[in-house]
1. Just the residues that are surrounded by fewer than 17 Cβ atoms within 10 Å (Cβ to Cβ) and either of a type in the set (Phe, Trp, Tyr) or not in a strand (DSSP E or B) (or both), please, taken from segment 381-411.
2. Going residue by residue through segment 405-412, is there one that turns out to be of a type in the set (Val, Ile, Thr), in contact with a strand residue (DSSP E or B) (Cβ under 6 Å, 6 or more places away or on another chain) and under 23 Å from Met638 (Cα atoms)?
3. For segment 608-637, give me the residue count where each residue is of a type outside the set (Ser, Thr, Tyr), more than 15 Å from Leu501 (Cα to Cα) and not in a helix (DSSP H, G or I).
4. Could you look through segment 116-137, keep only residues that are in a helix (DSSP H, G or I) and either of a type in the set (Lys, Arg) or open to solvent by 10 Å² or more (accessible area, probe 1.4 Å) (or both), and pick out the one that is modelled with the lowest pLDDT?
5. With closer than 25 Å to Asp143 by Cβ, touching a residue at least 40 places away in the same chain (Cβ under 8 Å) and over 28 Å from the mean Cα position of the chain (by Cα) as the only criterion, which of Phe523, Phe588, Phe620, Phe529 stands out?
6. Would you be able to say whether some residue in segment 260-269 is at pLDDT 90 or above and more than 26 Å from the chain's Cα centre (by Cα)?
7. Could you list all residues from segment 755-769 that are at pLDDT below 75 and either open to solvent by less than 30 Å² (accessible area, probe 1.4 Å) or more than 28 Å from the chain's Cα centre (by Cα) (or both)?
8. Right, Arg243: open to solvent by less than 20 Å² (accessible area, probe 1.4 Å) and free of Cβ contacts under 8 Å to residues at least 40 places away in the same chain or not?
Amino acid sequence: MKKLVIGIIAHVDSGKTTLSEALLYNAGEIQKLGRVDKRDSFLDTNNIERDRGITIFSKQAEINLENTDVTILDTPGHVDFTSETERTLRVLDYAILVISGSDGVQSHSETLWKLLDHYNIPTFIFVNKTDLPACNRDSVILDIKSRLSEACFDFSQRDEGFTEEVALLDETLFSEYEEKGSFSDNSLKHAILSRKIFPCYFGSALKNEGVREFMGALDELTLEKSYPSELRARIYKVSEDERSNRLTHMKITGGKLKVKSVITINGKSEKINEIRIYSVTKFTPVNEASAGQICAVTGIISALPGDVIGDEISENKLLSEPVFTYSVKIEDGTDITAALAVFKKLEEEDTQMRVSFNEHLQKINVQIMGEIQLEVIKRVLDERFGLKAEFEHGSIIYKETISEEFEGVGHYEPLRHYSEVHLKISPGERGSGLTFVSECPENELDRNWQRLVISHLAEKEHLGVLTGSPLTDVKISLVSGKAHQKHTEGGDFRQATYRALRQGLMQAKTKNKCVLLEPWYAFVLEIPFDCCGRAMTDLSCMQAEYEVGESNGEISIIHGRAPVSAIREYNKQVLSYSHGKGKLSFNFDGYASCRNSEEVITDFAYDPEADLMNTPDSVFCSHGSGFLVKWHDVFSYMHIPLLKDKIEPVYETVKPKRRDYSSMIADEEEILRVFEATYGKIKRREPEMLKTPKEYNSYLQNKPKKIKAPTETYLLIDGYNIIFASDELKRAAEESLDLARCLLIDKVSSYQAMRRNNVILVFDAYKVKGGVGSVEQIHGISVIYTREAETADQYIEKVAKKLSKDYRVRVATSDGQIQMIIFGSGAARVTPAELWDEITLAEKEMREFIEYNNKI
């Protein structure tokens with residue numbers, strides 16, 4: 001039996017879920033056909049989906065054809081949930097694109113077709129609702145050919161000319177047809193698989209007409225993919241079951257995945273506890289999943305949609321992206337930390353719903369696709385988490401880029417730190433995002449430091465200097481850098497890198513070379529002919545780009561693109577002046593220059609020099625202390641010349657001069673005479689002559705040794721002990737232990753930056769089966785996860801005893817037993833309260849340091 005994963009995609013209200021129901025019914029999986037309008041469809045199980053009559057979350061169902069086991073993935077059709085659909089496309093073998101026979105190809109249908117082309121997915125087309133009077137088969141197929149592809153062909157009626165006309169669509173088929181007068185079924189299957197032909201079928205899913213014939217085509221005209229023997233998988237979705245177990249949905253693309261096996265995702269070891277094969281809400285537990293299957297597993301806690309297992313190619317970036325941002329308003333009395341943990345959990349499930357937190361304003365912000373998604377999020381928060389929330393201050397997500405090349409310089413040199421970075425910042429192609437490369441010679445900066453700079457560039461979202469909006473369409477090249485052999489640490493290059501980028505952007509702003517971008521929609525406007533003049537006037541006022549296309553009877557069709565800010569609410573006006581006969585549909589079409597940039601910049605009132613988290617200024621060192629240098633003065637202090645000022649060295653062969661030691665001796669004798677005349681005669685001690693090796697060895701053994709006092713301090717912290725001794729972190733841990741760990745790591749790293757201690761933060765993994773232990777360097781501190789059967793106390797006891805021989809050691813814990821052991825090993829103990837006092841004081845000093853330097 002073949003194994004295939006087939007996704008069903010469509011414009012909203014095309015009958016996609018109804019077709020899924022018909023497929024399940026004809027395969028014998030359900031006993032009656034459900035209906036979306038009656039709220040009893042088998043696949044739309046969520047109350048929000050049934051209330052709205054649309055699919056919001058992708059669903060999995062299993063059907064068996066005569067020669068094929070098919071996993072059906074039903075996807076959302078509304079434009080607000082395009083990212084959910086796009087993630088699902090990555091795991092499909094074939095796709096079914098549903099077109100409404102009464103409406104024809106819609107704007108979102110064209111967007112979905114572009115996605116299918118991007119991911120190279122062979123596609124069958126099912127024209128639905130052919131039972132309606134408005135459906136004209138010939139008109140629909142012409143519409144499909146003109147707006148999607150000429151290779152779309154009607155397979156439902158195979159007359160005498162069918163074979164010849166199909167052969168003309170593919171060179172291989174045509175060569176075989178010329179030679180033999182026909183072509184084989186296998187050749188036709190390969191042509192469909194390689195997207196040379198797109199079979200079209202007609203029917204009515206609601207009345208179950210043409211569905212069985214379509215199922216027969218899926219069984220006969222498809223091929224199973226071949227997969228490698230080693231384990232590979234692609235993760236496309238994360239969700240929770242009714243018991244709040246985290247489910248990671250994936251397609252196995254090689255080998256076999258077995259229960260209790262340990263896999264590696266993003267460098268972390270994860271254990272598979274259970275493998276489930278779902279059919280809507282019901283599942284069958286299995287011991288293993290083989291290549292080609294869709295499954296959901298429990299036990300994985302860190303993977304996100306887009307992650308991969310094994311050598312599968314990773315593609316985290318989606319073509320669709322959010323264009324609106326909203327502030328979250330939660331009920332009074334609700335813990336903001338707990339609310340943030342809930343939003344972070346939703347972000348894990350939908351990576352395109354980007355969540356950020358403004359610490360200064362204590363506000364949660366979310367980026368989403370549209371208002372329908374906003375309403376869905378509100379209901380999910382209420383029904384699933386019991387969190388009441390409203391959304392305010394909705395606005396467009398602007399972006400920024402540059403139009404000219406600049407070289408930015410960042411220097412970071414407080415006491416005992418050193419780094420300097422030079423970045424070439426160049427404009428990129430529209431839609432290219434941010435790209436990072438290194439053009440720095442290794443004789444100027446070691447390769448490891450170069451890699452660190454590139455990783456720091458890629459680790460965060462960089463902001464522009466006009467409105468503080470995300471930076472995009474820029475190529476950033478590392479062209480030069482400098483490290484210190486003794487004083488440079490990894491965090492130093494993070495600071496220098498961020499400052500170099502911002503300094504370059506500030507130069508661009510000064511010369512008016514920063515460009516503000518706004519999102520645009522591609523739209524299709526269908527209106528009565530007598531309303532065409534009004535529509536064209538409105539579109540011109542929006543500064544839209546459009547053209548009037550063909551007419552469909554009394555309806556004029558206008559295609560174009562317009563700024564999201566101008567056209568987002570226009571649908572209400574269309575319905576009003578066309579008396580309900582007009583229809584507007586649009587899809588995201590990238591970013592372009594903002595029409596009213598000066599107005600937008602004024603409204604944002606963003607001051608890049610006041611943004612302390614993204615400062616363009618540098619820190620230099622003089623007389624043992626650091627001092628701040630404003631971004632426009634950095635060129636006078638930098639240690640490396642700019643790229644344009646570098647001069648290639650000219651090498652000459654120089655004959656070395658013989659050194660005159662006689663003058664040196666004379667100088668030393670003169671200095672000695674002056675010294676004795678001032679301070680008196682110097683008594684010279686003649687060195688004792690050791691005549692034999694035996695006497696010399698005896699001298700070395702009996703020579704008194706100098707005892708050095710330890711100069712470095714190590715602070716060992718029992719992570720979970722400290723978390724549950726703090727009210728703030730304990731509340732965070734109740735929602736998410738990972739969130740509590742991250743908060744503790746951030747606070748401790750800030751403390752380490754001010755105190756310059758060597759900090760080791762230990763987390764207990766005693767009960768983690770199969771845990772092998774790990775060490776991570778995060779912001780200058782060492783984070784330890786102990787191995788299986790090893791407690792944090794055992795680890796701290798062992799390390800404290802070893803380090804106490806050469807260093808000053810302090811241990812932060814409230815555990816009485818480990819405190820006694822600490823005294824015995826010569827280490828000092830620190831209570832959780834004392835540690836929090838030290839952390840609070842360090843944070844205060846850091847704020848004062850930053851405020852003081854910003855005033856200079």
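1. Of everything in segment 381-411, those that are surrounded by fewer than 17 Cβ atoms within 10 Å (Cβ to Cβ) and either of a type in the set (Phe, Trp, Tyr) or not in a strand (DSSP E or B) (or both) turn out to be Asp382, Glu383, Arg384, Gly386, Lys388, Ser403, Glu404, Glu405.
2. yes
3. Within segment 608-637, residues that are of a type outside the set (Ser, Thr, Tyr), more than 15 Å from Leu501 (Cα to Cα) and not in a helix (DSSP H, G or I) number 8.
4. Arg137
5. Sole residue among the options that is closer than 25 Å to Asp143 by Cβ, touching a residue at least 40 places away in the same chain (Cβ under 8 Å) and over 28 Å from the mean Cα position of the chain (by Cα): Phe523.
6. Yes, segment 260-269 contains a residue that is at pLDDT 90 or above and more than 26 Å from the chain's Cα centre (by Cα).
7. Ala765, Tyr766, Lys767, Lys769
8. When the stated conditions are applied, Arg243 does not pass them.
The values are calculated or read from the model by the stated rules, or taken from the named source; none is laboratory data. Predicted model only: the values in this text are computed from it and were never measured. When we count neighbours, we look across all protein chains shown, and the Cβ atoms used for this are built from the backbone with ideal geometry, even at glycine. Areas reflect the complete protein model, heavy atoms only, side chains present, ligands, DNA and RNA absent. Shrake-Rupley method; radii C 1.70, N 1.55, O 1.52, S 1.80 Å.
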